[in-house]
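Undergrad: What follows is a single structure, and I will ask about it in a moment.
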Amino acid sequence: MIGLIDCNNFYVSCERVFQPALRSRPVVVLSNNDGCVIARSEEAKALGITMGTPYFQIEYLIEKKNVAVFSSNYTLYGDMSARVMEALQSFSPETEIYSIDEAFLRLEENFEETGNKICKLIYQWTGLPVSVGIAPNKTLAKIANRTAKKLKSSVFEMSDAKTRDEVLRETPIKDVWGIGYNSTKKLNALGIFNAFQLKNFDRRHARKLLSVTGARIVEELNGETCLPLDLAPAPKKSITCSRSFGGHVESFADLHDALGCYLVRAGEKMRKNNLTARAVTVFLATNRFSKQPQYSNSHTIELINSTDSTRELREWTRRALAVIYKKGFLYKKVGVILQGLRSESAETIRLRGEKDYQKDKRLCAALDQISRKFGRDAVRFGCRSNSKNWQMLAEHKSACYTTNLREVLRIAN
């Protein structure tokens, strides 16, 4: 059997762990630059706040109904996610991390009992509530998890055919994993409105109408396993880091400052996966929704030697930015892409500069360790300025309780 573990209202739950007074209060989390709603508590959903609603459209409701508002804090969410996934490893070595708040794992016996143990352990370790859906395959496990949430139950198991068919009849076709908006329209036109009807859909027609993916979904709804656990995800081919600015940026210095910050983040991700880059791309763009003159461009530089040194990559990104930067434009976004990624073990000794490169590697390892312990920007490159012109809007951001010693939660005597 396959279990799907999904953290309930994950971003909101992460905020509530460190502010228990919010547990019965409406809570929303906003996207980058405090733009729109990307997470809601059940209480916020009951107020009619929908996903993707721009913040300015619900400010009146937030004040009237005493809704707690948070800017997105991905550092906190990522660390809490890692703790959840670590807890799951104690139940099964066959675990597929599907997203920041979801994971599939193989269960061998005592399914419902194991599901309850998972919920209890994760709550004990992290304070996060989770739902567990258990079924013979991943598609059915997704439906089982949705049913658990609908019934407000921690665990729901679909092991027998009778239970599966009852649940499938109650599952709208749009809620089946892998069936998107266009596929839903096609199936509705044929009179297929729920998962049970899709289960009995002819496989050959499903393949013609919905491609191979649709045929696999039909097979899985019938209890077959077509989507095995992905226990060894393919290595990353590129790493991108970019953000939209809180305002508009015009100067080369501010753009370079922001780009340097994003490069540090991308470099950390690359080294965490023991990878090196063979090329770097820098891109920038103005605000396409503005009436100001528009401009966007990108430039790629292929490197002679693969590298994971932030210092080296900073020089290449500066050169790439200099190629595409134009005065007179108000820029809204800049970013960096590290490309041609390959394993660090594939590196060869450089004919020139090997000693300096090894020194850079030790420096980057030390910086990464300091960042993990004291938070990002505890130590940074001297060429970084203190300008805030390019910073994202995050007026409601919570502390990084678990990753920054200066922001660890304190309890007064």
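The values are calculated or read from the model by the stated rules, or taken from the named source; none is laboratory data. The shown structure was predicted, so the numbers you read here are calculated from the model rather than taken from an experiment. With ideal geometry, Cβ positions are generated from the backbone for all residues, glycine too; neighbour counts draw on all protein chains shown. Each accessible area value is taken on the protein alone, full model and side chains, heavy atoms only, with ligands, DNA and RNA left out. Shrake-Rupley method; radii C 1.70, N 1.55, O 1.52, S 1.80 Å.
Undergrad: Relative contact order of segment 282-340: what whole-number percent is it, with Cα pairs under 8 angstrom and at least 6 residues apart? Don't skip to the end; give the middle numbers.
TA: Values: 65 pairs, mean separation 31.3, N = 59.
Answer for segment 282-340 is 53 percent.
Undergrad: Which percent of Cα-Cα pairs in segment 200-309 sits in each 10 Å bin, short to long?
TA: Bins of 10 Å from zero give 11, 26, 18, 18, 21, 5, 0 percent of pairs.
Undergrad: At 0.36 nm per residue, and after removing the present C-alpha to C-alpha distance, how many nm does the segment from Arg372 to Asp230 gain when stretched out fully?
TA: Details: separation 142, 0.36 × 142 = 51.12 nm, distance 2.81 nm.
Net length gain for the segment: 48.3 nm.
Undergrad: What are the extents of the Cα atoms of the chain along their three principal axes, listed from largest to smallest and rounded to whole Å?
TA: So the extents along the principal axes, rounded to whole Å, are 67, 56, 52.
Undergrad: Using Cα pairs under 8 angstrom and six or more residues apart, how large is the relative contact order of the chain, in percent?
TA: Working: 691 pairs, mean separation 66.4, N = 413.
Dividing the mean separation by the residue count of the chain yields 16 percent.
Undergrad: Let me ask something else about it. Each label point is 7 Å from the Cα along the Cα-to-Cβ direction; what then is the distance between the points at Lys117 and Asn188, in nm?
TA: Placing both labels 7 Å beyond Cα along the Cβ direction yields 4.4 nm.
Undergrad: Give the calculated FRET efficiency between Ala253 and Gln197 to the nearest 0.05, with a Förster radius of 51 Å applied to their Cβ-Cβ distance.
TA: On the way: r = 61 Å, r/R0 = 1.19.
Taking R0 as 51 Å, the efficiency between Ala253 and Gln197 is 0.25.
Undergrad: What are the lysines whose alpha-carbon lies under 24 Å from the alpha-carbon of Lys45, with same-chain residues fewer than 8 places away excluded?
TA: Hits, sequence-local ones excluded: Lys64, Lys65, Lys142, Lys149, Lys150, Lys152, Lys174, Lys397.
Undergrad: Right, another one. Provide the packing ranking of 318-327, 332-341, 280-289, i.e. peptides ordered by the mean count of other C-beta atoms within 10 Å per residue, highest first.
TA: Those peptides, ordered most packed to least, come out 332-341, 280-289, 318-327.
Undergrad: Using only protein heavy atoms and a 1.4 Å probe, report how much of Leu405 is accessible, in Å² to the nearest 10.
TA: 90 Å²
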